[in-house]
Structure formats: C-alpha cells, structure tokens
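S.K.: Before anything else, here's the structure in question.
The values are calculated or read from the model by the stated rules, or taken from the named source; none is laboratory data. Keep in mind it's a predicted model, so treat the numbers as computed, not measured. Glycine gets a Cβ as well: all are built from the backbone with ideal geometry, and neighbour counts include every protein chain shown.
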Amino acid sequence: MTRGMTVDQVANAIQAIQDGKCVGMPTETVYGLAAPINNEDLVKKIFYIKGRPSFDPLIVHVSDCQMAEELTSDWNRVCQILADAFWPGPLTLVIKKNESVSDIITSGLDTVGVRMPRHPLALELIRRLKVPVAAPSANKFGRTSPTSAQHVREEFSESDVFVIEGGASDIGIESTILKVETSKSGATLSLLRPGMILPSAIDAALTRQGISFRWERNQSSQIQSAGQLKHHYMPKVPLLLLKQETLAEAIGLFRQKLSELPSEVEGVKIKKPSSFNKARELILSEDAAIAARELYGKMRDVDAGDADFIFFRVQTIHQTEVWKPIMDRLNRASLWRSSAIFNISG
Ligand code: TXA
Ligand code: MG
C-alpha cells in the first residue's frame with residue numbers, strides 16, 4: 001500500500017500496457033484484467049492468459065457517459081436514467097453496440113456490456129488512456145474472482161500482468177448485468193447476472209422517471225453471460241451447501257452421489273474429496289453488504305487450507321432479495337446443494 005502512495009501507479013500501468021502487459025485494475029466490485037479496447041493484441045492476451053473461451057464476451061469500462069454513448073448505437077433515455085442513478089457503480093448495461101467495439105470483445109454479439117466503475121484508480125486509468133478498457137474479472141476462467149491486488153498477483157505472472165494496488169474491493173462481488181432493449185411499446189429489461197444493484201432499485205429508478213418497462217425472464221436455452229454457467233466461481237476444494245440436513249447427513253448423501261460426479265464441468269476441473277475428515281465451515285456476516293465483501297476472500301482462505309471440503313449453511317435470511325446475488329454465487333460455486341449434485345439437478 002505504501003508503494004501506491006509514493007509511485008504513480010497509473011503512469012506505470014500505462015507504461016506496462018505499452019510493454020505488452022495487461023493491467024490488474026482495482027474496481028469496487030472485483031479486480032479486472034484490463035486492456036484498452038483499441039489494443040487488439042492485449043485484448044486477445046486477456047482471453048489467452050485467463051483461459052477464457054472466445055465465446056464469452058468482455059465488459060467495457062468507461063470513465064464517463066459520453067464514452068459509453070460512443071460505444072453503442074442505442075444509448076437511449078432508459079440507459080441515461082440508469083447511468084445517472086447507478087454510475088459510477090456496480091451496474092453493467094448490455095446495449096446494442098456500434099462498429100467501434102470489435103467482435104473479439106463481444107464474442108460476435110451485436111451488444112456490448114458497459115459499465116463505469118467507482119474505484120478512483122480505475123477511473124483515472126481510463127481517463128488518462130482516453131480509451132475505454134475491456135476487462136473480465138482477473139481470475140482464471142471459472143474460478144473465484146479476486147478482491148485484492150494480492151489475489152491477482154497469485155493468479156498471474158508479473159511478466160504478463162501489471163497489478164495496480166487499490167486495496168480491498170468494496171462491494172466484493174461482480175456487477176449486476178442488465179440487458180436493455182427498447183421499442184415503441186417501451187423498454188424490456190433482462191437480468192443476466194444478479195449483483196448488489198437489485199432489481200427493486202432499478203425498478204424504482206425507472207418508475208420515478210415515468211418510464212414504462214417490463215422484465216423479461218431469460219431464455220435459459222441460450223447462454224448470454226458466463227455468469228449464467230452452472231459452475232462458475234468454484235473454489236478448488238469442493239463446496240457443499242447445507243439446508244435442513246446436518247453435516248453428517250450431508251456427508252452421507254454426498255458420498256452416495258460421488259461416483260456420479262463428472263471430472264470436469266463446463267471446462268472447469270472438479271476435485272473430488274478422497275476423505276471427509278476435515279470440514280471447514282464458510283461463515284458469512286448476516287449483513288449482506290458485508291457478506292458480499294467477505295465472500296471471495298473467505299472462499300480463498302478456506303480453499304488454501306487443508307480441508308477436504310467446505311460447507312455453508314443456508315438459512316432463512318438468505319432468501320431475501322439482498323441475499324440473491326450472494327446465493328447465486330454460492331450456488332454456482334458449489335459442487336453439491338440441497339441433497340442433489342448440482343450438475344445433475346441443473
Ligand atoms: O463487476 C464486474 O462486472 C467485473 C469488474 C472487473 O468490472 N467484471 C466481470 O467480468 O465480472 P467477467 O468477464 O468476469 O463477467 C462479465 C460477464 C461475462 O459472464 C460475460 O459473458 C458477460 O458479462 N457479458 C459481457 N458482455 C456481454 C454481452 N454483450 N451480452 C451478454 N453478456 C455479456
Ligand atoms: Mg468473472
């Protein structure tokens with residue numbers, strides 16, 4: 001941290017980009033693995049070093065609304081209202097793109113995900129580059145997102161990534177992703193990934209401005225966002241979600257199902273426990289905002305220990321709206337929940 005105060009980290013990051021490195025960029029949600037959108041080699045390098053499939057598009061980060069407008073062909077009143085209400089902050093808008101955004105970034109989709117992050121160093125980096133930056137979360141594909149500079153350093157080599165030290169991420173889980181489509185009859189919204197900007201807050205912001213809109217349930221057949229993959233955010237040690245059952249019952253049930261587990265799901269290797277002696281409980285604050293901030297760090301901590309598996313007890317408070325984004329991450333991160341192996345139950 002002291003380093004950050006004495007050295008101009010943003011200038012060093014820009015130099016590193018010129019030297020062909022990606023940037024570990026602090027944001028208020030999680031750290032991103034960033035490259036300017038006009039640097040095709042570096043954008044390709046993001047996919048390569050992350051091990052990310054080319055069908056999974058990147059979010060483009062801007063430092064003001066004009067930059068966002070310049071990326072899209074349909075920046076309308078709904079987008080402006082949402083940007084005014086929630087930017088800079090953890091909301092990504094998926095909007096029709098224009099030709100300034102390459103197919104590599106959007107994986108060939110005709111839309112682009114755009115957001116203005118709230119972290120001052122991220123904003124400063126984008127402002128000084130004068131170009132938006134594409135950035136996925138700075139973790140290997142399918143794994144737990146990084147919420148500190150140290151997490152990023154552990155995952156990537158110094159020769160590939162220059163990491164800006166920006167402290168612990170304030171929100172702790174990835175942004176809400178909202179697809180916005182408009183027609184004469186009004187706006188249609190789809191929640192592609194839940195996050196700490198809740199649907200009720202989006203509802204309120206639009207209603208306040210007299211916008212007519214409707215929510216669309218995702219067509220689940222087509223994956224529009226990797227956050228929709230069943231297995232994502234996985235710790236290396238298996239995570240079990242317990243509902244009513246006791247730990248002993250859960251272990252018994254999980255054991256029975258063990259042989260049915262595939263060795264890999266959606267490109268992510270599954271580690272099956274060979275014994276069940278060492279259990280570690282993942283304990284989160286009852287306050288959802290604190291729980292979100294703690295989630296990935298705690299998952300990494302228990303993951304780094306010698307546990308055979310990790311478990312989390314699902315309780316009644318976890319059913320409220322504010323817990324939805326956290327439970328979404330826990331469900332996807334888990335190998336087993338509620339008496340069924342996740343992969344098999346869907
Ligand atoms: O909070 C965040 O959003 C963080 C920080 C770094 O900004 N970024 C992040 O990026 O979580 P990533 O790549 O790990 O997750 C972004 C998700 C991906 O699942 C991707 O499929 C989806 O956004 N996405 C990006 N562009 C999209 C588009 N045009 N349509 C649908 N989904 C899109
Ligand atoms: Mg990610």
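S.K.: Within the stretch 91-99, is even one residue surrounded by fewer than 16 Cβ atoms within 10 Å (Cβ to Cβ), closer than 24 Å to Arg332 by Cα, in contact (Cβ under 8 Å) with a residue 40 or more places away in the chain and within 16 Å of ligand 2 (Cβ to nearest atom)?
M.R.: Checked the stretch 91-99: no residue is surrounded by fewer than 16 Cβ atoms within 10 Å (Cβ to Cβ), closer than 24 Å to Arg332 by Cα, in contact (Cβ under 8 Å) with a residue 40 or more places away in the chain and within 16 Å of ligand 2 (Cβ to nearest atom).
S.K.: Filter the stretch 20-53 down to residues that are more than 15 Å from ligand 2 (Cβ to nearest atom) and farther than 20 Å from Arg127 by Cα and give me whichever is surrounded by the most Cβ atoms within 10 Å (Cβ to Cβ).
M.R.: Ranking the qualifying residues of the stretch 20-53, first place goes to Lys45.
S.K.: In the stretch 103-116, what residues are buried (at least 17 other Cβ atoms within 10 Å of the Cβ) and under 18 Å from Pro36 (Cβ atoms)? Before the answer, list the steps.
M.R.: Start the filter on the stretch 103-116 by keeping residues that are buried (at least 17 other Cβ atoms within 10 Å of the Cβ), which leaves 104-106, 111-116.
Scanning the stretch 103-116 gives Ile104, Ile105, Thr106, Val112, Gly113, Val114, Arg115, Met116.
S.K.: Give the residue, chosen from Glu260, Glu281, Glu249, that is of a type outside the set (Gly, Ala, Ser) and at pLDDT below 80.
M.R.: Among Glu260, Glu281, Glu249, only Glu260 is of a type outside the set (Gly, Ala, Ser) and at pLDDT below 80.
S.K.: Can you tell which of Glu70, Glu124 is closer than 28 Å to Lys184 by Cα and in contact (Cβ under 8 Å) with a residue 24 or more places away in the chain?
M.R.: Glu70
S.K.: Inside the stretch 117-141, can you point out the residues that are more than 15 Å from ligand 2 (Cβ to nearest atom), buried (at least 24 other Cβ atoms within 10 Å of the Cβ) and assigned to a loop (DSSP other than H, G, I, E, B)?
M.R.: Listed by number, the list holds a single entry, Pro132.
S.K.: Let me ask another. When both residues are 6+ apart or on different chains and their Cβ atoms are under 8 Å apart, which pairs have a first residue that lies in the stretch 254-267 and is at positive phi, and a second that is surrounded by 11 or more Cβ atoms within 10 Å (Cβ to Cβ) and of a type in the set (A, V, I, L, M, F, W, C)?
M.R.: Between residues of the stretch 254-267 that are at positive phi and residues that are surrounded by 11 or more Cβ atoms within 10 Å (Cβ to Cβ) and of a type in the set (A, V, I, L, M, F, W, C), the close pairs are Glu266/Leu229; Gly267/Phe141.
S.K.: Okay, next question. Here are Ile310, Ile317, Ile290: which of them is outside any loop (DSSP other than H, G, I, E, B) and either modelled with pLDDT under 90 or surrounded by 20 or more Cβ atoms within 10 Å (Cβ to Cβ) (or both)?
M.R.: Working: Ile317 fails: either modelled with pLDDT under 90 or surrounded by 20 or more Cβ atoms within 10 Å (Cβ to Cβ) (or both); Ile290 fails: either modelled with pLDDT under 90 or surrounded by 20 or more Cβ atoms within 10 Å (Cβ to Cβ) (or both).
Criteria check complete, one pass: Ile310.
S.K.: If we scan the stretch 189-209, do we find a residue that is within 14 Å of ligand 1 (Cβ to nearest atom), at pLDDT below 85, more than 12 Å from the chain's Cα centre (by Cα) and of a type in the set (S, T, N, Q)? Steps first, answer last, please.
M.R.: As a first pass, look at the stretch 189-209 and keep what is within 14 Å of ligand 1 (Cβ to nearest atom): 189-197.
Those left that are additionally at pLDDT below 85: none.
Checking the stretch 189-209: not a single residue is within 14 Å of ligand 1 (Cβ to nearest atom), at pLDDT below 85, more than 12 Å from the chain's Cα centre (by Cα) and of a type in the set (S, T, N, Q).
S.K.: Just for the stretch 165-188: of the residues that are of a type in the set (Ser, Thr, Tyr) and modelled with pLDDT of 95 or more, which one is nearest to the chain's Cα centre (by Cα)?
M.R.: Ser175
S.K.: Test of understanding: among Leu129, Leu123, which residue is of a type outside the set (Phe, Trp, Tyr), over 25 Å from Arg329 (Cα atoms) and within 13 Å of ligand 1 (Cβ to nearest atom)?
M.R.: Testing whether each residue is of a type outside the set (Phe, Trp, Tyr), over 25 Å from Arg329 (Cα atoms) and within 13 Å of ligand 1 (Cβ to nearest atom) leaves just Leu123.
S.K.: Take the stretch 324-343 and flag every residue that is modelled with pLDDT under 85 and of a type in the set (A, V, I, L, M, F, W, C).
M.R.: Those that are modelled with pLDDT under 85 and of a type in the set (A, V, I, L, M, F, W, C): Leu335, Trp336, Ala340, Ile341, Phe342.
S.K.: If I filter the stretch 74-90 for residues that are within 16 Å of ligand 2 (Cβ to nearest atom), modelled with pLDDT under 95, surrounded by 15 or more Cβ atoms within 10 Å (Cβ to Cβ) and not β-branched (Val, Ile, Thr), do I get at least one hit?
M.R.: no
S.K.: What strands (runs of 3 or more DSSP E) completely inside the stretch 142-201 contain at least 3 residues that are away from ligand 2 (no atom under 16 Å from the Cβ)?
M.R.: The qualifying strands (runs of 3 or more DSSP E) are 176-183, 186-193.
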